[in-house]
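Below: the structure, in C-alpha cells.
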Amino acid sequence: MIFSTISRSLSRSSRSRNVINEVNRGKALLTNCDLFRTPYVNNFNSIDQSDGKLGFLRGYFAAIGVNKGSFSNNRLSDFNCTVANPGLRRYFSNEAPKKKKYENFYPKEKKEIPKEKEQKAESKEEANTNDHRNFRETFMKNLQNIFAPILVIGFILSAISSTPHEEKQINFQEFKNKLLEPGLVDHIVVSNKSVAKVYVRSSPQNQTSHDAAEISDIEGPISRTTSRGNTSQYQYYFNIGSVDSFEEKLEEAQEALGIDSHDYVPVTYVSEMVWFQELMRFAPTILLLGSLFYMGRRMQGGLGVGGTGGKGGRGIFNIGKAPVTKVDKNSKNKIYFKDVAGCDEAKQEIMEFVHFLKNPKKYEELGAKIPKGALLVGPPGTGKTLLAKATAGESGVPFLSISGSDFLEMFVGVGPSRVRNLFQEARQCSPSIIFIDEIDAIGRARGRGGFSGSNDERESTLNQLLVEMDGFGTTSGVVVLAGTNRPDILDNALLRPGRFDRQISIDKPDIKGRDQIFRIYLKKIKLDHEPSYYSQRLAALTPGFAGADIANVCNEAALIAARGEETQVKMEHFDAAIDRIIGGLEKKNKVISKLERRTVAYHESGHAVAGWFLEHAEPLLKVTIVPRGTAALGFAQYVPNENLLMTKEQLLDMTCMTLGGRAAEQVLLGKISTGAQNDLEKVTKITYAQVAVYGFSEKVGLLSYPQREDGLEMSKPYSSKTANLIDTEVREWVTKAYKRTLQLIEERKEQVAQIAELLLKKETLHQDDLVQVLGERPFKSDEMTNYDRYKQGFQEEVEKSADSVEEMTTEDDGPSPLVPEAVPM
Ligand SMILES: Nc1ncnc2c1ncn2[C@@H]1O[C@H](COP(=O)(O)OP(=O)(O)OP(=O)(O)O)[C@@H](O)[C@H]1O
Ligand SMILES: [Zn+2]
C-alpha cells in the first residue's frame with residue numbers, strides 16, 4: 001500500500017494544485033500529472049494489514065538492532081510485556097548514548113536544527129499535556145509554598161504565646177493558704193475573664209523597701225515595680241469559673257483572714273490578645289484568599305487555551321488577547337531569505353509588500369492604493385511559514401504572527417475580540433506585518449459545511465477579520481500575510497481586492513529548487529563528499545518532495561548513519577532514507593510464504609520489464625521485494641521527469657506499465673492475486689481523468705468534468721447517458737491497455753522470469769542489474785532525464801543559477817537586493 005500513503009499526500013497536493021491552477025489562469029493543464037511527478041512506485045499490495053502496527057514495531061526493533069527473539073509471537077500485547085521487561089529497557093537505554101553520535105553528524109557551530117525543533121516543541125499540545133501532567137505536582141508544590149509558612153508562623157506564635165514561664169498553676173485553695181494568708185499577694189490580674197494571674201511579692205507586705213530593692217535586682221524581666229514601691233512577680237495563676245464567683249470567693253477569703261477591706265488585694269481586669277488564637281480565627285479567611293490567589297495564577301497559564309500554552313502572562317482577563325508571537329528588530333534567531341531555498345518569485349512579491357509598507361508616500365502620491373494583504377498558497381511543507389518568518393527577519397518591521405486556530409476559543413466572543421486586539425497591536429507599531437498561519441481555520445466560506453455551533457463563532461471571527469482588513473476606520477500601515485493550503489475553501493470576501501489582494505503561490509520545488517534546499521540541509525551534515533555532489537543527485541531522485549520532506553530526508557540519513565556507527569553520511573544512507581520516506585519502514589522479518597514471495601517477485605518483475613520496453617514509461621530506478629510500510633510487499637521505484645504536460649501516448653504507456661504486474665502474474669504464474677489492487681486503482685483514476693477531464697476520448701468528446709476534491713458534489717454535471725458512456729469508454733480503454741501489456745509480457749516472458757528469479761535471490765535490483773539482463777533500454781531521449789541527472793549530476797546546468805541565487809540572497813545588511821528588482825521605479 002505504498003501508494004496509499006503517497007496518494008494521500010498526492011491528493012492533497014493535487015487538490016491545492018487544482019486550485020492554484022485555477023488561480024493561475026489555468027496555466028498547467030494536467031493536474032493529475034502529479035501522479036507521475038512524485039517518486040512513482042508500483043507496489044505489490046498485501047491484503048493483510050492487521051499486523052501493521054506490530055510490523056512497524058518489529059521493523060523498528062530490527063532497525064535499532066533489538067534481538068528478534070524478544071518477540072515470541074505476533075500479538076501486540078506481547079510487545080507491551082516485552083517493553084516492560086527490563087532486558088528490553090536496557091536496549092532502549094543502550095540506544096541513548098548513540099544519540100550523541102547522531103549529533104556528530106552536525107558540525108558544532110550548526111546547532112540550528114535542534115533550536116528550530118525546540119521552537120516547534122513550544123507547540124500548544126505538548127505544553128498543554130505537560131501542564132496536565134504537572135498540574136498535581138505544581139499544585140502540591142504551591143500548597144507547600146503557601147501553607148508551610150503559615151503553619152510555621154502559627155507554630156512560632158503559639159510557641160511564643162505559651163512560652164513556658166515559671167508560672168505555676170494552682171487552685172484557689174492553695175492560693176488562699178499559701179499566698180493570701182502569708183500576705184504575699186501583691187495584686188491579681190484577671191485576664192480575659194478566665195485566668196487570674198497572681199503577682200507575688202517576694203516578701204510579706206510588712207518588709208522594708210530596701211530588702212525589696214535587693215530582691216528586685218535578681219529578678220527577671222517580668223518583675224515590675226508595684227504601686228507600693230515594692231516589686232512583684234507573676235508566678236502563679238489559676239482559672240476562675242466566672243468573675244462574679246471569683247470576686248465573691250476572694251472577698252470571703254480575705255474577710256476570713258481578717259484583712260482590712262482597705263488592704264484587699266487589688267484586682268484588675270485585662271483582655272489580652274492571644275496571637276495564635278487570633279490567627280486561627282482568621283485562618284479560614286486567609287486560606288480562602290490564598291486559594292483564590294493561587295487559582296488566579298493558574299488561570300493565567302492554564303486558561304489561555306489555544307494560546308502559546310504555558311507561556312503564561314495571559315490571565316483570565318486577558319483572554320480576548322490573541323497569543324501573538326512578535327518578531328522585531330531585536331529578536332534573536334531570525335531567519336532570512338537565504339534560509340529559504342527556491343521560491344524566488346514569492347520572495348520578490350513579498351518584498352514588494354514590504355516596500356509598500358516602508359515607503360507608502362511614493363505610491364499614494366500617484367494615487368495608488370496600497371495592497372492590504374497577500375495569501376501564501378501551496379501544498380503542505382513547501383515553506384510558507386518559513387518564508388513568512390524570513391520576511392520578518394528581512395523586512396525589519398515588527399512582525400506579528402499567529403495561527404488561525406488561535407483565534408478560536410471555547411468562549412463566545414473571544415475570536416472577534418482577539419482579531420480586534422491583534423490589529424490594534426499591529427497598528428500601534430505600524431508599519432508592521434501580520435502573519436496568520438493556516439488561515440483556513442477561520443477563513444472558511446461562511447454558511448458552508450458545518451452543523452456545529454462553533455460555526456457562529458468562527459463566522460463572527462471572520463467577519464471581524466474582514467472588517468479589520470478593509471472596513472470603516474481602518475488605517476494603512478499594516479500588511480496581512482496569510483498561509484493556507486486550501487484557498488478553495490476560503491470565503492470569497494476574504495479574497496476580494498482590498499483584502500488579500502494577491503495570491504503568492506509556493507509550489508513544490510522543481511529539480512533546481514530541490515537542489516538548493518538540499519544544499520541548505522546538507523551543509524548541516526557531515527558528508528563524505530561536497531554537499532553539491534549529493535544535492536544534485538538527490539534532487540533528481542526526489543521529484544514531488546516538498547521542502548519539509550527534503551529536510552526529513554537529510555535528517556533521516558544522518559540518523560541511519562548514526563545507527564550504523566558510521567562517521568560520515570554516505571549515499572547509501574540517503575538512499576535508505578528516501579526509501580524509508582516514500583515506502584515506510586522496512587519489515588525484514590515479516591513472515592511471507594515462499595509462494596507469496598514468488599508472486600511478489602513476478603509481479604514486480606512484470607512492472608520492471610514492461611516499463612523497460614515502453615517508450616514513454618519512466619525509467620526504473622530500482623525494484624525490490626523487501627516488504628515496507630504498512631502493507632506493501634514490494635515495489636518498483638521510478639525516476640519521473642517533471643513534465644508539465646502529458647501526452648496521450650505517455651499516459652497509455654504509464655497505464656500499461658502499471659498493469660505490468662498483473663499481466664506478469666497471469667502470464668507467468670497462471671494465477672492472479674489481490675496484489676494488483678493498488679495498481680488497478682491507479683489505472684482507473686488515470687483513465688477516468690483522460691476520458692472525462694482531459695477530453696482524450698473521441699466518443700465522449702471535448703468535455704471536461706473535473707471532480708471536486710471535497711466530495712461535496714451531490715449530483716453529477718452530466719446525464720446518466722454520458723455517465724454510461726464514460727464508464728464504457730473507461731472500461732474499453734483499460735481493457736485495451738491490458739491486452740497490450742499482456743502481449744508485451746508474453747513476448748518478454750523469459751526476461752520477466754529471469755528478473756523475477758534474480759529478485760528472489762537479491763531482493764533489490766538497481767538499474768544496472770536490469771541492464772545486464774535486459775540490455776540497454778532501446779529508447780534514448782534527446783533531453784536529459786532526471787535519471788541521467790541522478791547518474792551524472794548536472795554540474796554546469798545548475799552551478800550558474802545556484803551561484804546567482806546565492807549572490808542575491810546572502811547579503812544581509814542594507815535593503816534586500818531583491819527590492820530594486822521587484823519594484824518598478
Ligand atoms: N524552501 C525551503 N527551504 C528550506 N527549507 C524548507 C523549504 N520549504 C520547507 N522547508 C522545511 O520544511 C519545514 C516546514 O515548512 P513550513 O512549515 O514552512 O511549511 P508550510 O508550507 O507552512 O506547511 P503547512 O502548510 O503544512 O503549514 C520548514 O521548517 C523547513 O525546515
Ligand atoms: Zn504492482
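The values are calculated or read from the model by the stated rules, or taken from the named source; none is laboratory data. The model shown is predicted, which means the values in this text are computed figures rather than measured ones. Note that each Cβ is placed from the backbone with ideal geometry, even for glycine, and that neighbours are counted across all protein chains shown. Ligands, DNA and RNA are excluded from the accessible area calculation, which covers all protein heavy atoms including side chains. Shrake-Rupley method; radii C 1.70, N 1.55, O 1.52, S 1.80 Å.
Scan the range 701-722 residue by residue and report those that are open to solvent by less than 50 Å² (accessible area, probe 1.4 Å), on the phi < 0 side of the Ramachandran plot and at pLDDT 90 or above. Outline the logic, then answer.
Here is the first cut: in the range 701-722, the residues open to solvent by less than 50 Å² (accessible area, probe 1.4 Å) are 701, 705, 722.
So of that shortlist, the ones also on the phi < 0 side of the Ramachandran plot come out as 705, 722.
Across the range 701-722, the qualifying residue is only Thr722.
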*asked:* Just the residues that are surrounded by fewer than 18 Cβ atoms within 10 Å (Cβ to Cβ), out of contact with any Ser or Thr (no Cβ under 9 Å at 6 or more places or on another chain) and of a type in the set (A, V, I, L, M), please, taken from the range 546-573.
replied: Met571
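Restricting the search to the range 671-696, which residues are of a type in the set (Asp, Glu) and either in contact with a Lys or Arg (Cβ under 9 Å, 6 or more places away or on another chain) or within 16 Å of ligand 1 (Cβ to nearest atom) (or both)? Walk me through how you get there before you give the answer.
First, pick out the residues of the range 671-696 that are of a type in the set (Asp, Glu): 679, 681.
Scanning the range 671-696 gives a single hit, Asp679.
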*Do we have Met646 as within 28 Å of Lys736 (Cβ to Cβ), more than 37 Å from the chain's Cα centre (by Cα), open to solvent by less than 10 Å² (accessible area, probe 1.4 Å) and away from ligand 1 (no atom under 16 Å from the Cβ) here?*
no
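Which of the residues belonging to the range 163-178 are at pLDDT 80 or above, open to solvent by 10 Å² or more (accessible area, probe 1.4 Å) and not basic (Lys, Arg)?
If we filter the range 163-178 for residues that are at pLDDT 80 or above, which is where we start, we get 168-178.
Now restrict to residues that are open to solvent by 10 Å² or more (accessible area, probe 1.4 Å): 168-174, 176-178.
Those that are at pLDDT 80 or above, open to solvent by 10 Å² or more (accessible area, probe 1.4 Å) and not basic (Lys, Arg): Gln169, Ile170, Asn171, Phe172, Gln173, Glu174, Asn177.
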_I'm trying to understand the selection: among the residues of the range 251-297, which are surrounded by 10 or more Cβ atoms within 10 Å (Cβ to Cβ) and part of a loop (DSSP other than H, G, I, E, B)?_
Leu257, Ile259, Tyr264, Val265, Pro266, Glu272, Val274
_What pairs come out if I take residues in the range 671-687 that are at negative phi and pair them with residues that are aliphatic (A, V, I, L, M) and open to solvent by 60 Å² or more (accessible area, probe 1.4 Å) whose C-beta lies under 6 Å away, six or more apart or interchain?_
Thr674/Ile47
*Pick from the range 504-518 the residues that are under 25 Å from the mean Cα position of the chain (by Cα) and among the basic types (Lys, Arg): which of them is surrounded by the most Cβ atoms within 10 Å (Cβ to Cβ)?*
Arg514
*Does the range 361-371 include one or more residues that are open to solvent by less than 10 Å² (accessible area, probe 1.4 Å) and in contact with a strand residue (DSSP E or B) (Cβ under 7 Å, 6 or more places away or on another chain)?*
no
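How many residues does the range 442-472 hold that are modelled with pLDDT of 75 or more, assigned to a loop (DSSP other than H, G, I, E, B) and open to solvent by 30 Å² or more (accessible area, probe 1.4 Å)?
So in the range 442-472, the residues modelled with pLDDT of 75 or more come out as 442-445, 456-470.
Now restrict to residues that are assigned to a loop (DSSP other than H, G, I, E, B): 445, 470.
Right, trim to open to solvent by 30 Å² or more (accessible area, probe 1.4 Å) and you get 470.
Final tally of qualifying residues: 1.
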_Residues (more than 22 Å from Gln503 (Cα to Cα) and open to solvent by less than 20 Å² (accessible area, probe 1.4 Å)) located in the range 322-360_ = Ala322, Pro323
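Okay, residues lined up against (1) within 13 Å of ligand 2 (Cβ to nearest atom); (2) crowded, with 23+ Cβ neighbours inside 10 Å:
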site	(1), (2)
Gly584	no, no
Lys590	no, no
Leu595	no, no
Glu615	no, no
Pro619	no, no
Val667	no, no
Ala676	yes, yes
Lys682	yes, no
*Which numbered condition trips up Asp501, out of (1) at pLDDT 85 or above; (2) open to solvent by 40 Å² or more (accessible area, probe 1.4 Å); (3) within 30 Å of Glu468 (Cβ to Cβ)?*
(1)
_Complete set of residues in the range 503-513 that are in a helix (DSSP H, G or I) and near ligand 1 (Cβ under 9 Å from one of its atoms)_ = Gly513
_Quick check on Asp437: is it under 17 Å from Ile489 (Cβ atoms), touching a residue at least 40 places away in the same chain (Cβ under 8 Å), acidic (Asp, Glu) and buried (at least 16 other Cβ atoms within 10 Å of the Cβ)?_
yes
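Quick one: would you say Leu387 is touching a Gly at 6+ places or on another chain (Cβ under 8 Å), under 20 Å from Thr325 (Cβ atoms), within 16 Å of ligand 1 (Cβ to nearest atom) and modelled with pLDDT of 85 or more? I'd like the intermediate steps shown before the answer.
Numbers: touching a Gly at 6+ places or on another chain (Cβ under 8 Å): no; under 20 Å from Thr325 (Cβ atoms): yes; within 16 Å of ligand 1 (Cβ to nearest atom): yes; modelled with pLDDT of 85 or more: yes.
So Leu387 fails the test.
Scan the range 398-435 for residues that are in contact with a Leu (Cβ under 7 Å, 6 or more places away or on another chain) and of a type in the set (Ser, Thr, Tyr) and jot them down. Before the answer, list the steps.
Step one: list which residues in the range 398-435 are in contact with a Leu (Cβ under 7 Å, 6 or more places away or on another chain), which gives 400, 402, 415, 419, 422, 425-426, 431-435.
Selection gives Ser432 alone.
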*Out of the residues in the range 233-248 that are open to solvent by 50 Å² or more (accessible area, probe 1.4 Å) and closer than 19 Å to Asp186 by Cβ, state the one that is farthest from the chain's Cα centre (by Cα).*
Glu247
*Would you point out which residue out of Ser476, Ser432 is at pLDDT 80 or above, more than 16 Å from ligand 2 (Cβ to nearest atom) and in contact with a Pro (Cβ under 7 Å, 6 or more places away or on another chain)?*
Ser432
*Residues that are open to solvent by 20 Å² or more (accessible area, probe 1.4 Å) and either assigned to a strand (DSSP E or B) or out of contact with any Lys or Arg (no Cβ under 9 Å at 6 or more places or on another chain) (or both), drawn from the range 479-496*: Asn492, Leu495, Arg496
*When residues of the range 634-665 are filtered for being assigned to a helix (DSSP H, G or I) and either away from ligand 2 (no atom under 16 Å from the Cβ) or without any contact (Cβ under 8 Å) to a residue 24 or more places away in the chain (or both), how many remain?*
5
